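Structure first, commentary second.
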Amino acid sequence: MSQNVVDILQDCKLFTAVKPRGFQRLAVIAQLRKFQKGQAIFREGDPCPGVYVLGSGLVRVFKTGPGGKEHVLHIVSPGQTFAEVAAIGNFPCPAGAEAIAPTTCTLLPMDGFRKALEEDHELCLGLMGGLTRWVRHLVGLIEDIVLRDAAGRFARYLLALEPDRQGTIELPGLKRHVASHLNLTGETLSRVLRRLVDAGLVEEVQNNRIRVSDPEKLDLVAKGLFPET
């Protein structure tokens, strides 16, 4: 089913507290954008094009170190936004973004979005509510890296993903992207996954899919308490 800009905006949590008048203003300036798998959406240091809202597909947002090593900051799923902080703060893109699957987005172009913020204080207040949820998410990521071991990070990550009707979870993107997002090496993530499988907590199905066999024990792992086998 084809997507339009209004449907994509309505499915985005950033705009749930925005009142109808402000939402309509955003819908008027919104543009549909499509990207192929592997296509760069913007590069680190580029002028911010505006706020992107993901309708379908997957996008990785990443930083590149001086030696060329990439670190995945965020794997964007449908209903989520990216480049919103740069757009609101009016500064260049602090990271790059690449489609890792065929992707459809809504773009709120920079000029129109900034104009709406400057003229509509009620819209600003609505967006602040959505941004606080994003800040809480970032705090959770920092907490994972600092306070949880590799198994705890991955277990918590799995529990946050929504299973399908068959009870399986599809990892968003390649395992190496997930590993980078969790500040792990690919080898470490593979060892952690094997350990969880051997303990009977999860099951590898196929095509990057995982079934959680024992969510209660997996939650213990997320809390740093790997159960005895």
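Going by the structure shown, is Glu98 out of contact with any His (no Cβ under 9 Å at 6 or more places or on another chain) and either at pLDDT 95 or above or on the phi > 0 side of the Ramachandran plot (or both)?
On the way: out of contact with any His (no Cβ under 9 Å at 6 or more places or on another chain): yes; either at pLDDT 95 or above or on the phi > 0 side of the Ramachandran plot (or both): yes.
It is true that Glu98 is out of contact with any His (no Cβ under 9 Å at 6 or more places or on another chain) and either at pLDDT 95 or above or on the phi > 0 side of the Ramachandran plot (or both).
Restrict the check to the stretch 114-122 and report whether at least one residue is crowded, with 16+ Cβ neighbours inside 10 Å, assigned by TED's automatic domain parsing to the domain that holds Gln10 and modelled with pLDDT under 90.
No, because not a single residue in the stretch 114-122 is crowded, with 16+ Cβ neighbours inside 10 Å, assigned by TED's automatic domain parsing to the domain that holds Gln10 and modelled with pLDDT under 90.
Of all the residues that make up the stretch 18-38, how many are within 20 Å of the chain's Cα centre (by Cα) and either hydrophobic (A, V, I, L, M, F, W, C) or surrounded by 14 or more Cβ atoms within 10 Å (Cβ to Cβ) (or both)? Even if it seems obvious, please write down each step before you answer.
Keep residues of the stretch 18-38 that are within 20 Å of the chain's Cα centre (by Cα), which gives 32-38.
Pick out the ones that are also either hydrophobic (A, V, I, L, M, F, W, C) or surrounded by 14 or more Cβ atoms within 10 Å (Cβ to Cβ) (or both) and you get 32-35.
Count: 4.
In the stretch 178-229, which residues are at pLDDT 90 or above, part of a loop (DSSP other than H, G, I, E, B) and within 22 Å of the chain's Cα centre (by Cα)?
Correct list: empty.
Which residues, taken from the stretch 32-60, are β-branched (Val, Ile, Thr) and either in a loop (DSSP other than H, G, I, E, B) or farther than 23 Å from Thr16 by Cα (or both)?
Ile41, the sole residue that qualifies.
The values are calculated or read from the model by the stated rules, or taken from the named source; none is laboratory data. The shown structure was predicted, so the numbers you read here are calculated from the model rather than taken from an experiment. We place every Cβ from the backbone using ideal geometry, glycine too, and count neighbours over all the protein chains shown.
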